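Everything below concerns the one structure shown next.
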Amino acid sequence: MKARLLSWIQPAVTGIGLIALWYLIKKISGVPSFILPSPDEVLRAAWDERSVLISAVMLTSRGAVLGFLAAVGVGFFLAMALGFSPRIKASFYPYILVLQMMPVTILAPVFVLWLGQGLPSIVAITFMIGFFPVVANTTMGFVSVDRNLQELFLMCKATRGQEVRYLRIPGAMPYFLTGMKIAGTLAPIGAIVGDFLAGSAQGGQGGIGYMTIAYFSQLKTPALFATGLTACLLGFVFVGGVNWLHWRLLHQWHDSMVKKE
Amino acid sequence: MNQPPLVKINRVGKRFGSGPLVLDGVELAVQRGEFVSFIGPSGCGKSTLLRLIAGLTEASSGELVIDGMTPENARELMFFVFQDANLLPWRRVADNVELPLLLRGDPTVRRQERVAHMLEVVGLAAAAQRFPWQLSGGMRMRVSIARALSVAPQILLLDEPFGALDEMTRDKLNEDLLAIRARDPFTGFFVTHSVTEAVYLSTRIVVLSANPGRIAQVIEVPFAYPRPAELRETPEFLQLLAKTSRALRAVRNN
């Protein structure tokens, strides 16, 4: 109980310290608020701009969720194909790497050319950022099957399909979920970057990336900071969701989750 | 003994790739209902011999005939109990026992009945819903045996199943294995390092020498089944124990 309380108090103290430091720096340096707003100005801006920020966050989450789902879905099946045979892996893996190496700032205009400004491009960019960790981790999971378990399936005269269903997919699950966790942290960032590079403001309303540009050009720095705060919250919600899924699927059996008494 | 042997090993040799000979000229005929132990120094190829019977690896020379079939085609008659329990960590105890039946395509009701029966037999009915990590090493091995016997194999191959367990657990599992065999008879092949275990369980003990693995001696164990736990303390048992240990020592000193 005491340890638990402490685990809340420690970060809270650090947080208060950091905020105090922020005030101190602002006070001593005397910079104007459009360079460095104080924490209360940021909170006030967040409140004043709440309707804009909420709709921006909704828009961005849509891109993040769709891009994330695409990354996870495509990544999983691609990994299954790569794990299925070393030959397929050898033929395709280098090009997946090439795709991953391609900076998203270069891909973005291409997507805009193909898909136009807006959601489809944002989803595509999010997908590009998130799918590689899923593929890399999941492929690893499909490839590293316990040899003894494989022999068990051999003794059972299991078909290839049965082996995939009852051995390879569950065995790859921890790896897949690790990839999913990384994709989960990247997806909101991907959607924001996507919005920044390829967003459109339908009806004067954009996503978080778009609002960043808008607030910056108007030198509404406190609102810009508030946008950052909102992006953080979105990120936490995303990671929380993925962590929950991770826990849900593994806590009963996987070493990383199981409490040994 | 006019019956053809269930397992016939015909001058079998084995080498892995271009490596040294692991097994050389192994010749053995095993009748239905026997329980044969392979014992010998490490590197004598006793596990390899077991894997050859299972068809998990192929003979480099000679042939194995199991009920008139190649080992690979005879897999339906056999099951393998692996060195570590080799359970699927994400399946509960009952689901692990069910796996071979599931893969074989048995209907659900039959599977459930069989799993319940097997867990009863190995004394783990209360642990049916636990995960493997929640079990002790001995319990895990019981699950592994229950899983193997769920398909009622004619031949059971056991690769040092109790090697990692303490002596008390091992003795108990030996007794239980015989009790299970009395209910669900199978022909057994058993790899072990323990002379006591070999004598207590087997109808015959095959002593192998190393480099390359050859059959050095075959010792008949005359005790009738059921064998009570106290058999291990009788003079006849101890005599056979001594004989087997001597054979093992002779092989080691070669």
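The values are calculated or read from the model by the stated rules, or taken from the named source; none is laboratory data. Note that the coordinates shown come from a computational prediction; the quantities given were computed from them, not determined experimentally. For neighbour counting, all protein chains shown are included, and Cβ atoms are generated from backbone atoms with ideal geometry for every residue, glycine included. To get the accessible areas, we keep the full protein, side chains included, count just its heavy atoms, and leave off ligands, DNA and RNA. Shrake-Rupley method; radii C 1.70, N 1.55, O 1.52, S 1.80 Å.
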Picked from segment A:39-87 (must be of a type in the set (Asp, Glu) and in contact (Cβ under 8 Å) with a residue 24 or more places away in the chain), the residue farthest from A:Ile169 (Cα to Cα) is A:Glu41
Out of the residues in segment B:136-167 that are part of a loop (DSSP other than H, G, I, E, B) and either touching an Asp or Glu at 6+ places or on another chain (Cβ under 6 Å) or over 21 Å from B:Phe38 (Cα atoms) (or both), which is least open to solvent (accessible area, probe 1.4 Å)?
B:Val151
Taking segment A:155-183, which residues are surrounded by fewer than 21 Cβ atoms within 10 Å (Cβ to Cβ) and facing another protein chain (nearest Cβ under 7 Å)?
A:Lys157, A:Gln162, A:Pro170
What tally of residues in segment B:103-123 results from selecting those that are more than 14 Å from every other protein chain (Cβ to nearest Cβ) and surrounded by fewer than 20 Cβ atoms within 10 Å (Cβ to Cβ)?
11
Might you check whether a residue that is within 13 Å of chain A (Cβ to nearest Cβ) and under 18 Å from the mean Cα position of the chain (by Cα) occurs anywhere in segment B:61-70?
no
So which of A:Gly118, A:Gly73 is touching a strand residue (DSSP E or B) at 6+ places or on another chain (Cβ under 9 Å) and surrounded by 13 or more Cβ atoms within 10 Å (Cβ to Cβ)?
A:Gly118
Residue among A:Ser51, A:Ser61, A:Ser55 that alone is closer than 22 Å to A:Phe216 by Cα and buried (at least 16 other Cβ atoms within 10 Å of the Cβ):
A:Ser61
Can you tell me how many residues in segment B:199-213 are assigned to a strand (DSSP E or B) and in contact with a helix residue (DSSP H, G or I) (Cβ under 9 Å, 6 or more places away or on another chain)?
6
Residue by residue through segment A:238-255, note down the ones that are in contact (Cβ under 8 Å) with a residue 60 or more places away in the chain, open to solvent by 30 Å² or more (accessible area, probe 1.4 Å) and assigned to a helix (DSSP H, G or I).
A:Asn243, A:Leu245, A:Leu249
For segment B:91-102, what are the residues that are facing chain A (nearest Cβ under 9 Å) and surrounded by fewer than 21 Cβ atoms within 10 Å (Cβ to Cβ)?
B:Arg91, B:Arg92, B:Leu102
May I ask you to verify whether A:Val134 is under 15 Å from A:Leu78 (Cα atoms), open to solvent by less than 40 Å² (accessible area, probe 1.4 Å) and either part of a helix (DSSP H, G or I) or more than 8 Å from every other protein chain (Cβ to nearest Cβ) (or both)?
yes
In the list B:Val195, B:Val206, which residue meets the criterion of being among the hydrophobic types (A, V, I, L, M, F, W, C), open to solvent by 10 Å² or more (accessible area, probe 1.4 Å) and within 15 Å of the chain's Cα centre (by Cα)?
B:Val195
